[in-house]
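The values are calculated or read from the model by the stated rules, or taken from the named source; none is laboratory data. What you see is a predicted model; the values in this text were computed from it and never measured. Neighbour counts run over all protein chains shown; Cβ positions are idealised from the backbone, glycine included. For accessibility, only protein heavy atoms count, side chains too; no ligands or nucleic acids. Shrake-Rupley method; radii C 1.70, N 1.55, O 1.52, S 1.80 Å.
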Amino acid sequence: MTETNRIRNPALRSKIMTAQQAAALIPKGSNVGMSGFTGAGYPKVVPLALAERMNAAHAGGETFRIGVWTGASTAPELDGALAKVDGMEMRLPYQSDPTCRKRINAGEMEYLDIHLSHVAQFVWGGFLGKLDVAIVEVAAIREDGALIPSSSVGNNKTWLDCAGKVILEVNSWQNIALKGMHDVYYGTQLPPHRKPIPIVTASDRIGDAYLHCDPAKIIAVVETNAPDRNSAFSPPDENSRLIAEHILDFFGHEVKMGRLPRELLPLQSGVGNVANAVMEQLQGAPYDNLTAYTEVLQDGMFNLLRSGKMSFASATALSLSPDAAHEFNRDAAKYRDKIVLRPQEISNHPEVIRRLGVIAMNGLIEADIYGNVNSTHIRGSSIMNGIGGSGDFARNAWLSIFMTPSSAKNGQISCIVPMVTHVDHTEHDVQVVVTEQGLADLRGLSPKKRAEVVIENCAHPIFKPALTEYFERARRYSPGQHTPHILDEAFTFLPNWQANREARDAWKEDSVVQADAWK
């Protein structure tokens, strides 16, 4: 049941219409900025109505596609629905929908995968073209027209500022107690007029509690009552538990060495079960008064806030399981002094991340023996999801940690390889690599020393001999000895390792012959 009293501004109440009527106002070929960040705060009904309109147009022989810009990933009601009807010409800056991914990798949809902190300045700079329409979910509209944001802020400020036309979805499922939890900073500028972002602790509030929009641009208001997409996290498996234990042992060492305070430093955690497991393990760790400066608040971090182990968390979005979302919605008012949700250009701002000394913990698809990380591509050419905010944090963090199980596909594939097939985070931005096998602290190590530590501490025992053999032969035959590689072998490590031992041995012999020829 919707609540019309969520729309307190009389002029905007007069613009209430159905999702179908609102979708009819979106032109073909337009660029549309939509709210949503990791399944939170995305528009629930207008994208579905737009997909129906697109499907009807395509059935009639017309082409109807748009550019879709968001904060990060959304949900089946948005990405899935539009991808299913081939309704997206361009998608940015991050996605995780299987239908969307399939179209991108088939070459049927363009995809711009960029750092999340860069999106707003790209839009303001005009690098992405004109933003025609914004579709933004809010929790309510005040009498004066100010907008109470919902469970994510993402790029909503930029969409509302830059779009020619605006459609609002007012979602009464979102708890009205979110009022006051947001901090929307309106002080950013383009060069040469930039000023420092005045955040010196994770809990600093520097902006407005509301979003603002010129009412003349608002062409439709649609009422909804629908939950965010909430996926339950899997219970931590043995690998996740071991990875978390290695990281906590490392924290203990860093505290002992005086490089971390007893309450640690502000934590950033990527999305996923492994990252969530690390947060859960902190419940029993000897660290109190924890803080977070991150982009997404997941169950593990929410539980730390609930138990009192964490005193404050700054993010741009909530991303909670159904049970945690229910609990948060019930008790949202008591978290207003413990959580702040910011625009992603602030939650992911390199200047702030560097100043606060954030501990960044993110996942990966594969890491190579020298510390380069691939977090986006399968076999070098097929996108999985995107870089998201991991690059914003990795390069600027006090501690840049990447974590993964040491093998995938039931032990058939090594996640530690001679050379990654796609580089998202160079060895210069990766300080620590962790698998269930152990932790490799790469700080201060030359490339060859890094390789020794990564292979010894992080590789799965099944793959360790082959990686060691590769590295030894590379040190013997590589024409350059700073970062030794046998290039014609590096990318065939995985497909040849297990598929055919006889062919693999012949391939190794050929590599040696070629290396001798190079010398």
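Tell me, yes or no, whether region 272-281 has at least one residue that is free of Cβ contacts under 8 Å to residues at least 12 places away in the same chain and over 17 Å from the mean Cα position of the chain (by Cα).
no
Residues Arg450, Arg443, Arg475: which one is modelled with pLDDT of 95 or more and touching a Gly at 6+ places or on another chain (Cβ under 9 Å)?
Just one listed residue meets the conditions, Arg450.
What is the number of the single condition among (1) in contact with a Cys (Cβ under 7 Å, 6 or more places away or on another chain); (2) over 24 Å from Met361 (Cβ atoms) that Ala440 does not meet?
Going through the list (1) in contact with a Cys (Cβ under 7 Å, 6 or more places away or on another chain); (2) over 24 Å from Met361 (Cβ atoms), Ala440 breaks only (2).
Determine whether region 199-217 contains at least one residue that is more than 26 Å from the chain's Cα centre (by Cα), closer than 25 Å to Arg306 by Cα, assigned to a helix (DSSP H, G or I) and not aromatic (Phe, Trp, Tyr).
no
Cβ-Cβ distance below 8 Å, separation of 6 or more or different chains: which pairs start in region 110-133 with a residue that is more than 17 Å from Pro343 (Cβ to Cβ) and free of Cβ contacts under 8 Å to residues at least 12 places away in the same chain and end on one that is open to solvent by less than 50 Å² (accessible area, probe 1.4 Å) and not polar (S, T, N, Q)?
Once the first residue is more than 17 Å from Pro343 (Cβ to Cβ) and free of Cβ contacts under 8 Å to residues at least 12 places away in the same chain and sits in region 110-133, no partner that is open to solvent by less than 50 Å² (accessible area, probe 1.4 Å) and not polar (S, T, N, Q) comes close enough.
Could you please find all residues in region 126-150 being open to solvent by less than 10 Å² (accessible area, probe 1.4 Å) and either over 26 Å from Gly39 (Cβ atoms) or out of contact with any Lys or Arg (no Cβ under 8 Å at 6 or more places or on another chain) (or both)?
Within region 126-150, Leu131, Ile135, Val136, Val138, Ala146, Leu147, Pro149, Ser150 meet the criteria.
If we keep just the residues of region 72-125 that are hydroxyl-bearing (Ser, Thr, Tyr) and in a helix (DSSP H, G or I), which is surrounded by the most Cβ atoms within 10 Å (Cβ to Cβ)?
My answer is Ser117.
Got a sec? Which of Asn276, Asn303 is part of a helix (DSSP H, G or I), within 26 Å of Ser117 (Cα to Cα) and of a type in the set (S, T, N, Q)?
Going through Asn276, Asn303 in turn, the sole match is Asn276.
For region 277-294, which positions are open to solvent by less than 10 Å² (accessible area, probe 1.4 Å) and polar (S, T, N, Q)?
Once the filter is applied, which keeps residues that are open to solvent by less than 10 Å² (accessible area, probe 1.4 Å) and polar (S, T, N, Q), region 277-294 yields only Thr294.
Arg53 fails exactly one of the following numbered conditions: (1) out of contact with any helix residue (DSSP H, G or I) (no Cβ under 8 Å at 6 or more places or on another chain); (2) touching a residue at least 12 places away in the same chain (Cβ under 8 Å); (3) open to solvent by 60 Å² or more (accessible area, probe 1.4 Å). What is the number of that condition?
Failed condition: (1).
Can you tell me which residue is least open to solvent (accessible area, probe 1.4 Å) among those in region 406-454 that are without any contact (Cβ under 8 Å) to a residue 12 or more places away in the chain and of a type in the set (A, V, I, L, M, F, W, C)?
So the residue we want is Ala408.
With the structure loaded, tell me whether Leu297 is crowded, with 16+ Cβ neighbours inside 10 Å and within 26 Å of Leu260 (Cβ to Cβ) or whether it fails that test.
yes
Restricting to region 243-283, and then to whatever is out of contact with any helix residue (DSSP H, G or I) (no Cβ under 9 Å at 6 or more places or on another chain) and modelled with pLDDT under 95, can you tell me which residue is farthest from Gly388 (Cα to Cα)?
Only one residue fits best here, namely Gly272.
Considering only region 319-332, I want to know if a residue exists there that is surrounded by 24 or more Cβ atoms within 10 Å (Cβ to Cβ) and at pLDDT below 95.
yes
Restricted to region 455-490, and to residues that are farther than 30 Å from Ser240 by Cβ and among the basic types (Lys, Arg), which residue is surrounded by the most Cβ atoms within 10 Å (Cβ to Cβ)?
The extreme case among them is Arg473.
Where residues in region 226-273 are assigned to a helix (DSSP H, G or I) and of a type in the set (S, T, N, Q), which of them is farthest from Trp173 (Cα to Cα)?
Asn239
Quick check on region 180-195. Is at least one of its residues touching a Ser or Thr at 6+ places or on another chain (Cβ under 9 Å), more than 20 Å from Asp144 (Cβ to Cβ) and open to solvent by 30 Å² or more (accessible area, probe 1.4 Å)?
Yes: region 180-195 contains one or more residues that are touching a Ser or Thr at 6+ places or on another chain (Cβ under 9 Å), more than 20 Å from Asp144 (Cβ to Cβ) and open to solvent by 30 Å² or more (accessible area, probe 1.4 Å).
Look at region 385-399 and say how many of its residues are acidic (Asp, Glu) and either open to solvent by 10 Å² or more (accessible area, probe 1.4 Å) or free of Cβ contacts under 8 Å to residues at least 12 places away in the same chain (or both).
The total comes to 0.
Can you find a residue in region 247-262 that is in contact (Cβ under 8 Å) with a residue 40 or more places away in the chain, out of contact with any Pro (no Cβ under 6 Å at 6 or more places or on another chain) and more than 23 Å from Ser314 (Cβ to Cβ)?
yes
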